[in-house]
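Peer 1: Pasting in a structure now, in structure tokens, and then I'll have a few things to ask.
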Amino acid sequence: MKINHCEMTHLAKTSNAISFSRYVQNYIENNDYLSHKLIQYDCFDIVRIWMSKSNVQFNPEELFEHLKVWSEAQYLALCGLYYFYEDKNIMAQEFFEKSLHKHNTYQPSHYYLKLIEINKKELSLRWQCPKPYQALDIQQKSAGVCCTSWVPYSVGDPSQQKGEELWHGQKIKKIRDSVKIGNYQYCNPSYCPHLKNAIEMEVEPKKIIETQHKVTQSPSYLQLSYDRSCNLKCPSCRKGLIQASKKEQILFEIIQSSCIEPLLKNSNTLVSITYSGDPFASTHYRQLLHTLKREEYNNIGILIATNGINLTPAVWKTYSELWRKLKIITISVDAASKETYRKVRPPGNWESLMQNLQYLSNWRDSEMLSTKLILNFCVQKINLREMVSFYELADEVGFDQVYYQRLLNWGMYTSEEYQSLDVANPLNINNNELIDIVQEIKIRSLKSPQLSVRFGAF
Ligand code: SF4
């Protein structure tokens, strides 16, 4: 069903907010289209297409009023969009900012604020992001192409669909198409470091023809994010300890047999386990790792993302058949002192972690493996001043890379709390200090070429 432009125009002309919202709801319920993961009724895209074609004058606050119940962030963003199309950028900006105040990861508002800032309608035609052609992120009831806060749109339901349907479906195609034409309309330019770099022109200008991507049989990167079980309760991520229930374990087995195994069999995919919890605190992922020892998975690579607490020498030895498949081990630490670690990653044990890090580094050298070892640091107000010593710590234990990433709000903070903790926000009081520290680390890293450094979205 195509958008019925005449009907929508008629509704707009009569400013009948109730009928407008009924029409939109009916459209959503009867169409299989890409929907925003955070919004129950996501009509932003269909209203956007209609508004971009229509020249009907109306009062957006009245016409969209009944959409408010689905999401205030979406309602405010739609009002902003109306003014954006009217070339009233100050009004538009005000509404997009209000929208982010309601929901600070609402992607369309970030996107249009960025468009206003750079004052052009296409983010970048010089670069084509390969991610939608390479990556699939499997969650419990949805799947995406990269981090949920970068592209918060679902391309399908892994508990209902096969891996192949997710990877070759119509929904993922829409994201690929948006990347191909260069409008990146589903991507969040405030959080995705690749897009941010492209906008800020830090990527080499390339002719599109040189960067055309093809869809391969299986993704080259498969991220598993469906089990949130973890032995830690970091305040940025959750309020209490999470362990999957029996019911969830059954769901995970379905996802494993219908999506994960078929996509990985005889493929050379790099599978990432896991950025949503901890692989060694999850019964399901521990079993999955044992399954991946089988011969039909000989070509895959494995990325382990862990907090490192349960990665003791005894546990590590039980996975010796996987060692040759391990391409990357990334460990989230977020602190350079016991005191700060206790606050950011409770109830982790600093001393055990340090022993495990050193063991891992020695293991890699003694086994003569090329596994890349990365230490992660999620930058926030509380640990900002430990960023430099964290780099030194990684150097001491013999890791290969430090990755500093921006704090995201996964629903744990109010907007005010998040704004005060997110030092990467240019409006944050500590942002200038962060810029100086980043500079210092860059200079420091020139003296230690064996330890690289990466910054995500700041
Ligand atoms: S959010 Fe970034 S990485 Fe993801 S598809 Fe868009 S540009 Fe690529």
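Peer 1: In the list Asn26, Asn31, which residue meets the criterion of being part of a loop (DSSP other than H, G, I, E, B) and free of Cβ contacts under 8 Å to residues at least 40 places away in the same chain? Lay out the reasoning, then the answer.
Peer 2: Working: Asn26 fails: part of a loop (DSSP other than H, G, I, E, B).
Unique residue meeting the criteria: Asn31.
Peer 1: A follow-up question, please. Find all pairs meeting these conditions: Cβ atoms under 8 angstrom apart; at least six residues apart or on different chains; first residue within the range 377-394 and at pLDDT 95 or above; second residue among the small types (Gly, Ala, Ser) and part of a helix (DSSP H, G or I).
Peer 2: Cβ pairs passing all conditions: Lys381/Ser420; Tyr391/Ser445.
Peer 1: Could you count how many residues in the range 130-171 are in contact (Cβ under 8 Å) with a residue 12 or more places away in the chain, outside any loop (DSSP other than H, G, I, E, B), more than 9 Å from the ligand (Cβ to nearest atom) and charged (D, E, K, R)?
Peer 2: Residues meeting the conditions: 3.
Peer 1: Identify all residues within the range 22-69 that are touching an Asp or Glu at 6+ places or on another chain (Cβ under 8 Å), under 24 Å from Cys147 (Cβ atoms) and among the hydrophobic types (A, V, I, L, M, F, W, C); write none if there are none. If you could, list the steps in order and put the result at the bottom.
Peer 2: Here is the first cut: in the range 22-69, the residues touching an Asp or Glu at 6+ places or on another chain (Cβ under 8 Å) are 23, 28, 33-36.
Now restrict to residues that are under 24 Å from Cys147 (Cβ atoms): 33-36.
Within the range 22-69, just Leu34 meets the criteria.
Peer 1: With the structure loaded, tell me whether Asn268 is closer than 24 Å to Arg238 by Cα, touching a Gly at 6+ places or on another chain (Cβ under 9 Å) and not β-branched (Val, Ile, Thr) or whether it fails that test.
Peer 2: Here the answer is no, as Asn268 does not meet what is asked.
Peer 1: When the residues of the range 371-399 are filtered to those that are of a type in the set (Asp, Glu) and surrounded by fewer than 18 Cβ atoms within 10 Å (Cβ to Cβ), which remaining residue is farthest from the chain's Cα centre (by Cα)?
Peer 2: Looking at residues that are of a type in the set (Asp, Glu) and surrounded by fewer than 18 Cβ atoms within 10 Å (Cβ to Cβ), I get Glu396.
Peer 1: Considering only residues that are modelled with pLDDT of 90 or more and of a type in the set (Gly, Ala, Ser), look in the range 48-93 and name the one that is farthest from Phe20 (Cα to Cα).
Peer 2: Among those that are modelled with pLDDT of 90 or more and of a type in the set (Gly, Ala, Ser), it is Ala92.
Peer 1: Here's a follow-up. For the range 107-129, how many residues meet the condition of being assigned to a loop (DSSP other than H, G, I, E, B) and either within 15 Å of the ligand (Cβ to nearest atom) or modelled with pLDDT of 85 or more (or both)?
Peer 2: 8
Peer 1: What are the residue pairs meeting all of these: first residue in the range 257-281, first residue assigned to a helix (DSSP H, G or I), second residue among the aromatic types (Phe, Trp, Tyr), Cβ atoms under 9 Å, and 6 or more apart or on different chains?
Peer 2: Glu261/Tyr297; Leu263/Trp167; Leu264/Tyr297
Peer 1: Could you check, for the range 192-212, whether at least one of its residues is closer than 30 Å to Gln380 by Cβ, surrounded by 14 or more Cβ atoms within 10 Å (Cβ to Cβ), at pLDDT 95 or above and touching a helix residue (DSSP H, G or I) at 6+ places or on another chain (Cβ under 7 Å)?
Peer 2: No, there is no match, as no residue in the range 192-212 is closer than 30 Å to Gln380 by Cβ, surrounded by 14 or more Cβ atoms within 10 Å (Cβ to Cβ), at pLDDT 95 or above and touching a helix residue (DSSP H, G or I) at 6+ places or on another chain (Cβ under 7 Å).
Peer 1: Moving to a separate point now. Of the conditions (1) within 16 Å of Pro219 (Cβ to Cβ); (2) in contact with a helix residue (DSSP H, G or I) (Cβ under 7 Å, 6 or more places away or on another chain); (3) more than 10 Å from the ligand (Cβ to nearest atom), Val179 clears all except one; give me its number.
Peer 2: That leaves (3) as the condition not met.
Peer 1: Could you look through the range 340-370, keep only residues that are more than 20 Å from Cys237 (Cβ to Cβ) and among the charged types (D, E, K, R), and pick out the one that is nearest to the chain's Cα centre (by Cα)?
Peer 2: The selected residue is Arg364.
Peer 1: Would you mind finding the one in Glu86, Glu117 that is closer than 20 Å to Lys196 by Cβ and without any contact (Cβ under 8 Å) to a residue 12 or more places away in the chain?
Peer 2: Glu117
Peer 1: Return a yes/no flag: does the range 395-414 have any residue that is closer than 27 Å to Arg238 by Cα, part of a helix (DSSP H, G or I) and not assigned by TED's automatic domain parsing to the domain that holds Thr148.
Peer 2: Within the range 395-414 (the criterion being closer than 27 Å to Arg238 by Cα, part of a helix (DSSP H, G or I) and not assigned by TED's automatic domain parsing to the domain that holds Thr148), the answer is no, since none of the residues qualifies.
Peer 1: Here's something else I'd like to know. Does Asn104 satisfy the criteria of being surrounded by fewer than 21 Cβ atoms within 10 Å (Cβ to Cβ), in the same structural domain as Asn26 (by TED's automatic domain parsing), modelled with pLDDT under 90 and among the polar types (S, T, N, Q)? Talk me through it step by step, then tell me what you get.
Peer 2: Working: surrounded by fewer than 21 Cβ atoms within 10 Å (Cβ to Cβ): no; in the same structural domain as Asn26 (by TED's automatic domain parsing): yes; modelled with pLDDT under 90: yes; among the polar types (S, T, N, Q): yes.
So Asn104 fails the test.
Peer 1: Further question: Among residues belonging to the range 185-202 that are within 15 Å of the chain's Cα centre (by Cα) and not in a helix (DSSP H, G or I), point out the one that is farthest from the ligand (Cβ to nearest atom).
Peer 2: For the range 185-202, the residue satisfying everything is Ser190.
Peer 1: So, one more: For the range 435-452, check the following and say yes or no: at least one residue is closer than 23 Å to Lys114 by Cα and out of contact with any strand residue (DSSP E or B) (no Cβ under 9 Å at 6 or more places or on another chain).
Peer 2: Yes, the range 435-452 has at least one match.
Peer 1: Go over the candidates Ala314, Ala336 one by one and state the one that is assigned by TED's automatic domain parsing to the domain that holds Phe390 and either surrounded by 13 or more Cβ atoms within 10 Å (Cβ to Cβ) or touching a helix residue (DSSP H, G or I) at 6+ places or on another chain (Cβ under 9 Å) (or both).
Peer 2: From the options Ala314, Ala336, the qualifying one is Ala336.
Peer 1: Among the residues of the range 32-68, how many are within 18 Å of Met91 (Cβ to Cβ), crowded, with 20+ Cβ neighbours inside 10 Å and not aromatic (Phe, Trp, Tyr)?
Peer 2: 4
The values are calculated or read from the model by the stated rules, or taken from the named source; none is laboratory data. This one's a predicted model, so the numbers in the text were calculated from it and none came from an experiment. All Cβ positions, glycine included, derive from the backbone under ideal geometry; neighbour counts span all protein chains shown.
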